[in-house]
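Participant: The structure is given below, and queries will be raised subsequently.
The values are calculated or read from the model by the stated rules, or taken from the named source; none is laboratory data. Note that this is a predicted model, so its numbers are computed, not measured. As a convention, Cβ positions derive from the backbone with ideal geometry for all residues, glycine included, and neighbour counts pool all protein chains shown. Accessible surface areas use protein heavy atoms only, side chains included; no ligands, DNA or RNA. Shrake-Rupley method; radii C 1.70, N 1.55, O 1.52, S 1.80 Å.
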Amino acid sequence: MADTPLSPKLIEETLQEILDMKDEEQLALCEHKYFGRKDGWMTVEMKKIKDLPAEERKEKAKGLNTFKSKILEAIAARREQLSAPDADVLQKETVDFSLNLPKREQGHLHLVHEFIAQVEEVFGRMGFDVMYSTEVESEDLNFTQLNFPVNHPSRDAQDTFWIKGTTGKERKLLRTHTSPGQIRYMRSHKPPFRAVFPGKVYRKDADATHSPMFHQFEGLMIGEHITLANMKAIMVTAIRELISKDAEFRFRTGFFPFVEPGLEVDVRWRSEEQQTKEGTWLEIVGCGMVHPNVLKNCNIDPEKWQGFAFGFGIDRMVMIRHQIPSIRSLFPGDLRFLKQF
Ligand code: PHE
């Protein structure tokens, strides 16, 4: 066959022609040259098919269609190349919207909440359940069920926020510690169990290390063979994980009506200014073996079950960890303070 319109040379030249188009306008003219509705090359060739002898039609149509899609593909590819901005232009025309704008602000959890999340994580790993107990509590659960004598000084109006208009058995207060959570938990669960109860507590107290509202987390572990040694191990783990692995601490005997024996743990705190060797000892936790009377008040047989309870002062631990000299800085929500962490 002579040089038909579909020789490889023709195909190659056509594709090259498309590649040589310098801009989108040229490319559009080229496209028209091939596909113009009236006299485009491809349009004309397609029309000619019907005049061919029947045996040649199929072959010719197939060849033309293949060629057509190649041209269309080449045009589309070239069009994309031509419309993409080149690197130079891109660079020149880029606008940096961040210029002169203030740095992006990013919030974070309050130090106390961040700490509580960590308490739940650390104790969760040791198998402790988490419960949030109520802040408005009855005098009965806050004191009586916890073995406080009827005229114990902490029931005094000088120390406790009483809820106005509540009297007798219904007398209510803002809980002075998270310990009533122990009663609620023991009355709604069957031993053995272990749980922590974080939350806010309220006392009429205010100075650099005391605030009328502060945070504690209570802990309780009851089982058949739980001893003081188990308690000590948990206290040490909690202090190392929640304050620092080289925290210095000491156990002292302490008195709480709902434990026997009772202990207190102090952690050594050196503020940045007073970098003396001794620093100060800050009490951060009260703990002890749950008093048999308290177990009985919750229908748990003290002959069979024993265990320990503890109450950590969260805010003091946060102060020690972040070197904050006054507990009062933690609560006003002053951004100048909060942004430092
Ligand atoms: N509730 C005690 C307090 O607020 C702490 C404590 C909890 C002590 C559990 C012993 C056992 O001081």
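Participant: Find me the longest stretch of the chain that has none of the exposed trypsin sites (Lys or Arg not before Pro), where exposed means in a DSSP loop (not H, G, I, E or B) with at most 16 other Cβ atoms within 10 Å.
Facilitator: On the way: sites that count: LYS22, ARG37, LYS38, LYS103, ARG104, LYS164, ARG171, LYS204, LYS245, ARG270, LYS277, LYS304, LYS339.
Counting only loop sites that pass the neighbour cut-off, the longest clear stretch is 39-102.
Participant: Quickly work out the ASP20-to-LYS339 label distance, labels modelled 7 Å from Cα along the C-beta direction, and quote it in nm with one decimal.
Facilitator: About 6.5 nm, to one decimal.
Participant: Convert each backbone phi in the range 136-142 into a coupling constant with the Karplus relation 6.51 cos²θ - 1.76 cosθ + 1.60 (shift: θ = phi - 60°), then list the ³J(HN,Hα) values in order as whole Hz, x for Gly and Pro.
Facilitator: Karplus-based 3J(HN,Hα) across the range 136-142 equals 8, 10, 7, 4, 4, 6, 5 Hz.
Participant: Same structure again: Reachable aspartates and glutamates from LYS304, Cα under 20 Å, same-chain residues fewer than 8 places away excluded?
Facilitator: GLU224, GLU260
Participant: In square angstrom, what is the accessible area per residue of the range 111-338 with a 1.4 angstrom probe?
Facilitator: Details: 10940 Å² over 228 residues.
For the range 111-338, the solvent-accessible area averages 48 Å² per residue.
Participant: By the gyration tensor of its Cα atoms, with a ≥ b ≥ c the square roots of the eigenvalues, what is the shape of the chain: rounded for a/c under 1.5, prolate for a/b over b/c, or oblate?
Facilitator: On the way: a/c = 4.26, a/b = 3.12, b/c = 1.36.
Verdict is prolate for the chain.
Participant: A further question on this structure: Could you tell me the center-to-center distance, by alpha carbons, between the range 189-247 and the range 40-68 in angstrom?
Facilitator: What the calculation gives is 89 Å, centre to centre.
Participant: In sequence order, what are the phi-derived ³J(HN,Hα) couplings for the range 20-31 according to the Karplus relation 6.51 cos²θ - 1.76 cosθ + 1.60 with θ = phi - 60°, rounded to whole Hz, with x for glycine and proline?
Facilitator: Values per residue, Gly and Pro as x: 7, 4, 8, 8, 5, 5, 4, 5, 5, 5, 5, 4 Hz.
Participant: Okay, next question. Could you tell me the relative contact order of the range 8-92? Use alpha-carbon pairs under 8 Å, at least six residues apart, and round to a whole percent. List each step's numbers first, then the result.
Facilitator: On the way: 44 pairs, mean separation 27.8, N = 85.
Computed over the range 8-92, the figure is 33 percent.
Participant: So what J values fall out for the range 110-121 if you push phi through Karplus, 6.51 cos²θ - 1.76 cosθ + 1.60 with θ = phi - 60°, rounded to Hz, Gly and Pro as x?
Facilitator: Coupling constants for the range 110-121: 4, 3, 5, 5, 4, 5, 4, 4, 6, 4, 5, 5 Hz.
Participant: Please arrange GLU56, GLU105, GLU137 by accessible surface area, largest first, computed with a 1.4 Å probe and ligands excluded. Provide the component values of the computation, followed by the final result.
Facilitator: Values: GLU56 95, GLU105 140, GLU137 0 Å².
Solvent-accessible surface, decreasing: GLU105, GLU56, GLU137.
Participant: Provide HIS225, HIS110 ordered by accessible surface of protein heavy atoms (probe 1.4 Å), highest first.
Facilitator: HIS225, HIS110
Participant: Also: Which pairs in the list LYS103/LYS245; LYS245/LYS339; LYS164/LYS232; LYS38/LYS62 are over 32 Å apart, alpha-carbon to alpha-carbon? Please report the intermediate quantities before stating the final value.
Facilitator: Working: LYS103/LYS245 35 Å; LYS245/LYS339 26 Å; LYS164/LYS232 40 Å; LYS38/LYS62 22 Å.
The answer is LYS103/LYS245; LYS164/LYS232.
Participant: Further question: Could you compute the net charge surrounding LEU111? Neighbours are other residues with a C-beta less than 11 Å from the C-beta of LEU111; K and R count +1, D and E count -1. Don't skip to the end; give the middle numbers.
Facilitator: Working: positive: ARG321; negative: GLU114, ASP315.
Cβ neighbours under 11 Å give a net charge of -1.
Participant: Further, regarding this structure: Given the -39500 (n - 2.57) contribution per DSSP H run of 4+ residues, what per-residue ellipticity at 222 nm results for the chain, rounded to the nearest 500 deg cm²/dmol?
Facilitator: Numbers: 12 runs with 132 residues, N = 341.
Calculated from helices alone, the mean residue ellipticity at 222 nm is -11500 deg cm²/dmol.
Participant: In terms of modelled amide H atoms, which long-range or inter-chain residues lie less than 5 Å from the amide H of VAL201?
Facilitator: PHE214, HIS215, GLN216
Participant: What is the helix-to-structure angle for 228-242, meaning the angle in degrees between its Cα long axis and the longest Cα principal axis of the chain, kept from 0 to 90 and rounded to the nearest 10?
Facilitator: Tilt relative to the chain: about 40 degrees.
Participant: Between VAL89 and GLU224, what length in nm is gained on full extension when 0.36 nm per residue of separation is reduced by their alpha carbon distance?
Facilitator: Details: separation 135, 0.36 × 135 = 48.60 nm, distance 7.77 nm.
Full extension from VAL89 to GLU224 adds 40.8 nm.
Participant: Report in % the part of the accessible area of the range 111-338 that belongs to carbon and sulfur, leaving out ligands and nucleic acids; probe 1.4 Å.
Facilitator: Numbers: 5730 of 10940 Å².
Whole-percent figure for carbon plus sulfur exposure: 52.
Participant: For Cα pairs less than 8 Å apart in space and 6+ apart in sequence, what is the mean separation divided by the residue count of the chain, i.e. the relative contact order in percent?
Facilitator: It rounds to 14 percent for the chain.
Participant: Once you keep just the Cα pairs under 8 angstrom separated by 6 or more residues, what percentage relative contact order results for the range 221-331?
Facilitator: Averaging sequence separation for qualifying contacts and normalising by length gives 29 percent for the range 221-331.
Participant: Would you tally the net charge around ILE226, using a Cβ to Cβ cut-off of less than 15 Å, leaving ILE226 out, and scoring K and R as +1, D and E as -1?
Facilitator: Numbers: positive: ARG194, LYS232, LYS304; negative: GLU224, GLU260, ASP301, GLU303.
Residues close to ILE226 contribute a combined charge of -1.
Participant: Ok, one more. Express the carbon and sulfur contribution to the solvent-accessible surface of the range 8-92 as a percent, rounded to the nearest whole number, probe 1.4 angstrom. Don't skip to the end; give the middle numbers.
Facilitator: Values: 3510 of 6360 Å².
About 55 percent, which is the carbon plus sulfur part of the accessible surface.
Participant: Still on this model: Could you tally the net charge around PHE308, taking each other residue with its Cβ under 15 Å from the Cβ of PHE308, Lys/Arg +1 and Asp/Glu -1? The partial results should precede the final answer.
Facilitator: Numbers: positive: ARG194, LYS232; negative: GLU218, GLU224, GLU260, GLU264.
Residues close to PHE308 contribute a combined charge of -2.
Participant: What does the accessible area of TRP162 come to, in Å² to the nearest 10, when a probe of 1.4 Å is used?
Facilitator: Probe radius 1.4 Å; accessible area of TRP162 about 50 Å².
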